[in-house]
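Okay, structure first, notes after.
The values are calculated or read from the model by the stated rules, or taken from the named source; none is laboratory data. Given the structure is predicted, the values throughout are model-derived calculations rather than measurements. No Cβ is skipped: glycine too gets one built from the backbone with ideal geometry, and neighbour counts run over all protein chains shown.
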C-alpha cells in the first residue's frame with residue numbers, strides 16, 4: 001500500500017516539471033527566439049552598409065519582426081487552440097496581446113522618435129555646453145506597424161505549428 005506522503009512527493013515533482021510541457025509557454029518562448037533570430041537577417045543591411053554588426057538591435061527592442069508581438073500572439077493563439085477561443089484565459093491573453101502591440105506602435109515608437117530628435121539636438125550643442133557629453137538616449141524602442149504585423153503573423157504560425165505537432169505526437 002502506497003503512503004500518502006510518497007504519492008504527494010511524486011505529484012509535486014511532476015507538477016514542477018510540467019512547465020516543460022506547457023504548450024502555450026513553449027509557443028511564446030519559441031516565437032520570441034525565432035523573432036530574435038530573424039533579426040540577424042533583417043539587420044544585414046547594417047553589416048553591408050556600415051560594415052558593422054549592431055548587437056543592440058539583435059538583443060534589444062525594436063527591429064523586424066517585433067519579438068514582443070510574436071511572443072504575446074503565440075501565447076494568445078496557443079491558449080485559444082488548447083482551451084478554446086471562448087474562454088476567459090483566451091480573453092485575458094488577447095487583451096494582453098492587444099495592449100502590448102498597441103503600445104509598441106504607439107507610445108514606444110514615438111518615444112524612440114523623440115529620442116532621435118533629442119540625440120541630434122545634443123550632438124549639435126557646443127562642446128562647452130553641460131549636456132554636450134551626456135550619454136545618448138536609446139532610439140530603438142518601438143516598432144512600425146509592419147514590424148508588429150510581422151511579429152503577430154510569426155506568433156500565429158508558431159502557435160499553430162506547435163499545436164499541430166502536439167496533436168501528431170499525442171495521437
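Brief remarks on what is shown
- Any chance residue 104 is under 16 Å from the mean Cα position of the chain (by Cα), under 16 Å from residue 156 (Cα atoms) and either in a helix (DSSP H, G or I) or at pLDDT below 95 (or both): no
- The range 88-104 residues that are at negative phi and in contact (Cβ under 8 Å) with a residue 12 or more places away in the chain, paired with ones that are in a helix (DSSP H, G or I) and surrounded by fewer than 18 Cβ atoms within 10 Å (Cβ to Cβ) (beta carbon under 7 Å, 6 or more apart): 90/83
For every residue, the table says whether it meets (1) in a helix (DSSP H, G or I); (2) touching a strand residue (DSSP E or B) at 6+ places or on another chain (Cβ under 9 Å); (3) at pLDDT 95 or above.
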| residue | (1), (2), (3) |
| --- | --- |
| 31 | yes, no, yes |
| 35 | yes, no, no |
| 38 | yes, no, no |
| 45 | yes, no, no |
| 48 | yes, no, no |
| 53 | no, no, no |
| 69 | yes, no, no |
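- Residue within the range 116-126 that is in a loop (DSSP other than H, G, I, E, B) and either modelled with pLDDT of 90 or more or surrounded by 10 or more Cβ atoms within 10 Å (Cβ to Cβ) (or both) present: yes
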